[in-house]
Each structure stands twice: as structure tokens, then as C-alpha cells.
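The values are calculated or read from the model by the stated rules, or taken from the named source; none is laboratory data. Every value quoted in this text rests on a predicted model; they were computed, and no experiment measured them. So basically every Cβ, Gly included, is an ideal-geometry build from the backbone, and we count neighbours across all protein chains shown.
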Amino acid sequence: GESVGLHLPTLSVQEGDNSIINCAYSNSASDYFIWYKQESGKGPQFIIDIRSNMDKRQGQRVTVLLNKTVKHLSLQIAATQPGDSAVYFCAEKGGNQFYFGTGTSLTVIP
Amino acid sequence: KAGVTQTPRYLIKTRGQQVTLSCSPISGHRSVSWYQQTPGQGLQFLFEYFSETQRNKGNFPGRFSGRQFSNSRSEMNVSTLELGDSALYLCASRNPGSSYEQYFGPGTRLTVT
């Protein structure tokens, strides 16, 4: 089955700096990927998605990069704010279900 | 538009008991998926229901079951609870006709003692 891993379980960044959260996936046939943000006591919240026919997609302060050659996904958060502190998950769509990574905990230092 | 709601939010049960969790999707969303979230395993897919039919199922034992009603509300049931079933159970709804984007509820925190 698919395995979705994250390079670092925790990440600390200074407020105002850019954050980069990485994710590796194993199924080269996966055609759709999502990044989620989960704050303490809440369910995951959709941030941004990307289809496999794209390399990059930008949202508000966030950019997702997809490198299909090495099966790597990254989430870039520009000008990180204290409200960005949360656990971030990547998920890949394999077949008819989604497979999630275990998450990276982002801490923003004021 | 109201979000996904789950009840109860917290639950404590004893080994061997059974439990039923409820999920009300966003209005108009006909697909409901259930996930188990634990610190070690992350989010793991349990099953997905659409139009009252189970469409997909993850790798969980038969003690985990679910159903969906005509109003798209869904319930999941866990029988013969084990300590390892302690987890946050998340429900997510989506509109299959528009996108794969899922909207998650806040979850039910189940503790088995």
C-alpha cells in the first residue's frame, strides 16, 4: 500500500520567515495531493491541493510544489505567522481513498 | 453554511463495550468518510459512504462498521472495544460531483479503559 512520509516531525520558524514542509509519497500512480492544517482540538482543514499534471500551485501565502520524478511534495508558507502554528499533513489520492502522512508540527516563534 | 458536526465530542468506554459515533455532513454533501487518528499511525481511512452505500473500505477489522442514512448523516459503530481503539475519530464530507476536497468535523475523542 501507499506510504506517505514527512521528512521532519517538528519544525520551528521565526515569525515572518518562510516555512517549508516536505512530504514523500510512494505511489507513482497517485494523481491528486492535498495539504491539510490541523490545529489543536480541531479537525484537519484544507489548505491547498494539486493534481499530478501540475508542478506548482499557489494560494494565499502558500505554494505547493510537486516533483513526480522523486515523488516529493512540499508546502511553502510565506511570511509565517503565529496563527500558522499547527500540524500539517500531506495526503495522496491512491485509487478511491486518501492516504495521509503522520504530520509535521510547525511552531512559529514570535 | 454549517460545517461538519460530530457527536459526541468525547467518550469513555470500557473494553468489550460497543460505541456508536455520529456525523452530520455539510448540507448538500452526499459522501461521508471516516478516519481514525492516532499519534503513531496518523490518519487512517476507515470507510466511505455515498448514497447510503459503502463505496470504499480501509484495512480495519469487521468490528468497525458504519452506515449512512437517506439524509446523508452517518454513524460508525465499533463493537467489542479494545484498548487500541482509543483514538480521535474524524468524519469528513464532500460533494463528489465537484471536487475531492473533504471537509472534516472536529472529531470524537474515544478513550477505552
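List of remarks:
- Among the residues of segment A:94-110, those that are part of a strand (DSSP E or B) and either at positive phi or not aliphatic (A, V, I, L, M) (or both) comprise A:GLY94, A:GLN97, A:PHE98, A:TYR99, A:PHE100, A:THR104, A:SER105, A:THR107.
- Annotation: of all residues in segment B:76-87 being part of a loop (DSSP other than H, G, I, E, B) and among the small types (Gly, Ala, Ser), the one that is farthest from the other protein chains (Cβ to nearest Cβ) is B:SER79.
- Any chance B:ARG55 is at pLDDT below 95, part of a strand (DSSP E or B), facing chain A (nearest Cβ under 10 Å) and under 15 Å from the mean Cα position of the chain (by Cα): yes
- So A:LYS37, is it in a strand (DSSP E or B), within 14 Å of another protein chain (Cβ to nearest Cβ), modelled with pLDDT of 95 or more and closer than 30 Å to B:GLN54 by Cα: yes
- Some residue of segment B:27-37 being touching a strand residue (DSSP E or B) at 6+ places or on another chain (Cβ under 8 Å), outside any strand (DSSP E or B) and within 14 Å of chain A (Cβ to nearest Cβ): yes
- Condition met for B:THR38 (closer than 30 Å to A:SER105 by Cβ and of a type in the set (S, T, N, Q)): yes
- Residues in segment A:68-93 that are out of contact with any strand residue (DSSP E or B) (no Cβ under 6 Å at 6 or more places or on another chain) and assigned to a loop (DSSP other than H, G, I, E, B) were compared, and the one that is farthest from A:SER105 (Cα to Cα) is A:THR69.
- The residue that is modelled with the highest pLDDT, among those in segment A:71-103 that are touching a Cys at 6+ places or on another chain (Cβ under 8 Å) and not hydroxyl-bearing (Ser, Thr, Tyr), is A:LEU75.
- Taken over segment A:8-38, residues that are surrounded by fewer than 17 Cβ atoms within 10 Å (Cβ to Cβ) and farther than 17 Å from A:GLY101 by Cβ amount to 8.
- Test result for B:LEU110, at pLDDT 95 or above, under 18 Å from B:GLY16 (Cβ atoms) and not in a loop (DSSP other than H, G, I, E, B): yes
- Residue within segment B:58-75 that is within 14 Å of chain A (Cβ to nearest Cβ) and at pLDDT below 95 present: yes
- A search for C-beta distances below 8 Å between a residue of segment B:88-113 that is more than 11 Å from chain A (Cβ to nearest Cβ) and any residue that is in a strand (DSSP E or B) and of a type in the set (Lys, Arg), counting only pairs 6+ apart in sequence or on different chains, returns B:LEU110/B:LYS13; B:THR111/B:LYS13; B:VAL112/B:LYS13; B:THR113/B:LYS13.
Condition check ((1) under 12 Å from the mean Cα position of the chain (by Cα); (2) more than 11 Å from chain B (Cβ to nearest Cβ)) across all residues:
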| site | (1), (2) |
| --- | --- |
| A:ARG61 | no, yes |
| A:LEU65 | yes, yes |
| A:LYS71 | no, yes |
| A:SER85 | no, yes |
| A:PHE100 | yes, no |
| A:GLY103 | yes, no |
| A:THR107 | no, yes |
